[in-house]
Number of protein chains: 2
Amino acid sequence: MPIKTILWMTFACGLCYGQPADDSKPATTNVMGAEYPRVHADRGVTFRIKAPDAKKVQVRLGQDYDMVRAEDGTWSATIPPQVPGFHYYYLVIDGVQVNDPASEAFYGVGRESSGIEIPETGVDYYDLKDVPHGEVRQFRYYSKVTGTWRRAFVYTPPDYDVNLKARYPVLYLQHGGGEDERGWIVQGRADIILDNLIAAKKAVPMIVVMDKGYAVAAGEKPYEYKQGEPFDMRRLSSLPAFEKVVIDDLIPAIDRRYRTLTDRDHRAMAGLSMGGGQAYDIVLRHPDTFAYAGGFSGVPGGNGGPAIDTKTDFGGVLDRADAFNKRMKLVWFGIGTAEPASMAKGMKGFREAITAAGIRHVYFESEGTSHEWLTWRRDLADFAPRLFR
Amino acid sequence: MPIKTILWMTFACGLCYGQPADDSKPATTNVMGAEYPRVHADRGVTFRIKAPDAKKVQVRLGQDYDMVRAEDGTWSATIPPQVPGFHYYYLVIDGVQVNDPASEAFYGVGRESSGIEIPETGVDYYDLKDVPHGEVRQFRYYSKVTGTWRRAFVYTPPDYDVNLKARYPVLYLQHGGGEDERGWIVQGRADIILDNLIAAKKAVPMIVVMDKGYAVAAGEKPYEYKQGEPFDMRRLSSLPAFEKVVIDDLIPAIDRRYRTLTDRDHRAMAGLSMGGGQAYDIVLRHPDTFAYAGGFSGVPGGNGGPAIDTKTDFGGVLDRADAFNKRMKLVWFGIGTAEPASMAKGMKGFREAITAAGIRHVYFESEGTSHEWLTWRRDLADFAPRLFR
């Protein structure tokens, strides 16, 4: 018979609208088949949603933009040109911030959020290309520190399953506050960036481990929010427990399961925002374990906190610059030039302290980007090629 | 120094509420730290959201339940006991269906949706346990049929990276209409089910490949929705192209990349709903490629369509029962006893036709469940142990 393709599921579609007669295209971050939001050639974006009974609808992307109601109950707004890269956004319907049903969901800012990718002209290092692709693996391991099974994602390079005798260096790569272990793949495209760098021989093949940067020690009470209090990411991240997880549980589990190079010269740690602070805290307290450190819009001391004291912090390891410079192969940190003053202040304080102490380092600026994923993609693309050489 | 854990990100939390003084617990499907929705011992669920300016707020879970506004602008509702397992749900705010910001997001029904897991007492085959865990790998392959890179998820069993000489049978496992290649892991817990079955020696170690069940042939125009028309999953799934992708691109790519057993006796295909129909269509048209077929709430002819004609459909392969029964190792299909009549009708027609034709088969009923993930978890737990024996 001709194949019988029968009505499996026919459902009314709230995402379906006619196409405008212009050069705009559906955002690549839309769910399959959704025509809106649409990105224009000038990087402006048109959003649309059907909400006949709503009194007020807005788009929240950096700021709030009012949407305008058409007679059929469809609300729409075209917002000004946006910076390229990935941005979280929301709709606000009668005062409630919700996701756009037309967008994929991205875990960020402590919840599933809508996101939009604005194309960056002339740049393809984070585009999926016809190069050998590595894999991203869901890896479960038991943590004695937390008394729970934990999940990390592990990027293995394209030749991992071909060169079965080869062993690889490892980059531990952390997400930011309010994100989790999914962020670097889903929002950051870390696997695609590594595939492209490795194919171009700009980076050596490496394993990348992305864990969840939150941990509560077994027997300790998890952080509980109280009604009306601000959400304190610092208490959720619980660095002392996370540090123990990384050192005592994660690294040994990774070295058991994967064909890693297990000496310090083949182990790096980096992270973004909160994860950058965590990476530096952990590397500088365990210099026998890591030889490379990266802080992407995040450094020890935090973005709003006091600068570090290089004489006394981290057991004074930064106070012996000659020894430190000999031993630590890379101290890298970067920030977007459009980041808020509070973020820039923390980075500046760290940079000045490190410079005054005579610590060799690389400082990187992402032109025109804020505290967002394009900054961190650029960071990774500059950082990864410097590793394990 | 003591570790400086500074205010990385402090943001007001819309998910933060006080805990009720009862035995309810936050749903395991909530985002980290969200106290609501809470599941009660009787499987009732309390939902809550802050929406001071909304006029009407409802929970949509199978039906619509009105939420009640408290003085502080918080709306809440406790809904009656729910069937165990995973259910999609939404909030309806002033008439607009949106996700609950307190829920993880799950791609289903053609969009990212909220979901809630209702615990099933005395059942642990889909719980994460202290057994050896396989991996789930993101696998990219190029399809000549579609002219695009495609993504599948591949479950490799716990000993895959230990027994480096071993080769494994492969189950191709498809999602339903409106879902995608993420469904079987995120909603279905297929990896956990397989880990547990393999640890208990109830199933043989196998590779499971989960691809996206939609495909548009290169050069063909993708299905575009027209405003006001119903969403036609049939046109999106585009079976002829998907069938070619599976046979010409996916299977060869999997057999190249993974250590598979490549004969028909070690290859199965199954799927749920739309994916069940696809699996049967593909297996019955390619009996030299597959020896096992599974339809979970989905069979050829579809749930609303006419029954198959066993004399003429699929080149008449079902009309020669003796030869078919000798060659095809398993014909398995199942349905939930609480599924809608339209679903039950398609399954009944298929079952009657298969029975009348003398085709040996296994028919399975999931007691009390509808067209939903607990039905399909149970299906997989009954189906997988019968494979590759």
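Chains B and A together bury roughly 8600 Å² of accessible surface, counting both sides and using a 1.4 Å probe on protein heavy atoms. This model, with +1 at the C-beta of Lys and Arg and -1 at the C-beta of Asp and Glu, gives chain A a dipole about its Cα centre of some 1200 debye.
Rolling a 1.4 angstrom probe over the protein assembly as shown with all protein chains present gives an accessible area of which 53% lies on carbon and sulfur atoms. A:Thr121 contributes about 130 Å² of solvent-accessible surface, heavy atoms of the protein only, 1.4 Å probe. Accessible surface computed residue by residue for the stretch B:135-386, with neighbouring protein chains in place and a 1.4 Å probe, gives 35 Å² per residue. Ranking A:Leu318, B:Gly349, A:Ala307 by Cα position along the charge dipole of the protein assembly as shown, where only Lys, Arg, Asp and Glu carry charges on their C-beta atoms, puts A:Leu318 farthest toward the positive end. On the principal axes of its alpha carbon atoms, the stretch B:30-145 extends 53, 43, 26 Å, with the longest extent given first.
Once both labels are positioned 7 Å from their Cα atoms along Cα-to-Cβ, the gap between B:Asp53 and A:Lys129 label points is 4.6 nm. Calculate, in whole percent, how much of the Cα-Cα pair population of the stretch B:97-230 lies beyond 25 Å. Pairs farther apart than 25 Å: 40 percent.
Against chain A, whose longest principal axis is taken from its Cα atoms, helix A:373-383 shows a tilt of about 30°.
Most simply put, the protein assembly as shown has about 70% antiparallel DSSP beta bridges, counting only bridges with both residues inside it. Among B:Ala323, B:Ala293, B:Ala27, the largest mean-square fluctuation in a Gaussian network model of chain B (Cα springs under 10 Å) belongs to B:Ala323.
Between the amide H of B:Met67 and those of B:Val57, B:Gln58, B:Val59, distances stay under 5 Å, these residues lying 5 or more places away or on another chain, with hydrogens modeled in the peptide plane. Straight-line cross-link partners of A:Lys25 among the aspartates and glutamates, defined as a Cα under 12 Å from its Cα and at least 8 positions apart when in the same chain: A:Glu35, A:Asp42, A:Glu117. How far is helix A:190-199 tilted, in degrees, relative to the longest principal axis of the Cα atoms in chain A, given as a value from 0 to 90 rounded to the nearest 10? It is inclined by approximately 70 degrees. In terms of the mean number of neighbouring beta-carbon atoms within 10 Å, the peptides B:159-169, B:182-192 order highest first as B:182-192, B:159-169. With the convex hull constructed from alpha-carbon coordinates only, the stretch A:146-188 shows a mean projected area of 4.7 nm² over all directions.
Take A:Lys202, move 7 Å from Cα toward the beta carbon, and the resulting point lies 4.9 nm from the same point in each other copy, nearest first. Highest GNM mean-square fluctuation among B:Gly122, B:Gly295, B:Gly277, for chain B modelled with Cα contacts below 10 Å: B:Gly122. In this rough spin-label picture, where each label sits 7 Å from Cα along the Cβ direction, the B:Tyr142-B:Asp64 distance is 5.0 nm. Hey, which lysines would be in cross-link range of A:Lys329, C-alpha to C-alpha under 19 Å, not counting anything within fewer than 8 residues on its own chain? Qualifying lysines at Cα under 19 Å: A:Lys202. B:Trp149 label point (Cα plus 7 Å toward Cβ) to equivalent points in the other copies: 3.0 nm, shortest first. Here the extension length gained between B:Arg256 and B:Asp23 equals 78.7 nm, from 0.36 nm per residue of separation less the Cα-Cα distance.
The sum of -39500 (n - 2.57) across all DSSP H runs of n ≥ 4, divided by the residue count of chain B, sets its helix-only mean residue ellipticity at 222 nm to -5500 deg cm²/dmol. From the alpha carbon centroid of the stretch A:239-301 to that of the stretch B:20-63 is 37 Å.
Since only B:Tyr88, B:Thr121, B:Pro52 are under comparison, the one whose Cα sits farthest along the positive direction of the charge dipole of the stretch B:47-178, derived from C-beta charges on Lys, Arg, Asp and Glu, is B:Tyr88.
Computed on chain B, with alpha-carbon pairs under 8 angstrom and 6+ residues apart, the relative contact order is 12 percent.
Distance cut-off 29 Å, Cα to Cα: go down the list B:Lys129/B:Lys165; A:Lys50/B:Lys221; B:Lys55/B:Lys212; B:Lys129/B:Lys348; B:Lys129/B:Lys244 and report the pairs above it. Too far apart for the 29 Å limit: B:Lys55/B:Lys212; B:Lys129/B:Lys348; B:Lys129/B:Lys244.
Protection proxy ranking of A:82-88, A:246-252, by the mean of other Cβ atoms within 10 Å over each peptide's residues and highest first, is A:82-88, A:246-252.
Only beta bridges with both residues in the stretch A:135-386 are counted; by DSSP, about 35 percent of them are antiparallel. So if we plug the beta-carbon distance of A:Ala199 and B:Ala356 into 1/(1 + (r/R0)^6) with R0 = 60 Å, what FRET efficiency do we get, rounded to 0.05? The calculated FRET efficiency here is 0.60. Tell me whether the stretch A:135-386 comes out rounded, prolate or oblate; compute the Cα gyration tensor, take square roots of the eigenvalues as a ≥ b ≥ c, and use a/c under 1.5 as the rounded threshold. Because its axes are fairly even, with a/c under 1.5, the stretch A:135-386 counts as rounded. Averaged over peptide B:45-57, the number of partner chain Cβ atoms lying within 10 Å of each residue's Cβ comes to 3.
Here the Gaussian network model covers chain B, with springs between Cα atoms less than 10 Å apart; of B:Met274, B:Met32, B:Met343, B:Met32 fluctuates the most. Annotation: amide H-H contacts under 5 Å for B:Thr260 (H modelled 1.01 Å from N, sequence separation of 5 or more, or interchain): B:Tyr168. Placing the label point 7 Å from Cα along the Cα-to-Cβ direction, what are the distances from B:Pro132 to the equivalent spots in the other copies, shortest first, in nm to one decimal? Computed spacing set for this position: 2.8 nm.
Between the Cα long axis of helix B:341-356 and the first principal axis of chain B there is an angle of about 20°, rounded to the nearest 10.
The values are calculated or read from the model by the stated rules, or taken from the named source; none is laboratory data. Computed from a predicted structure; not experimentally measured. Every residue, glycine among them, receives a Cβ derived from its backbone with ideal geometry; neighbour counts consider all protein chains shown. The accessibility values were calculated without ligands, DNA or RNA, using every heavy atom of the protein model including side chains. Shrake-Rupley method; radii C 1.70, N 1.55, O 1.52, S 1.80 Å.
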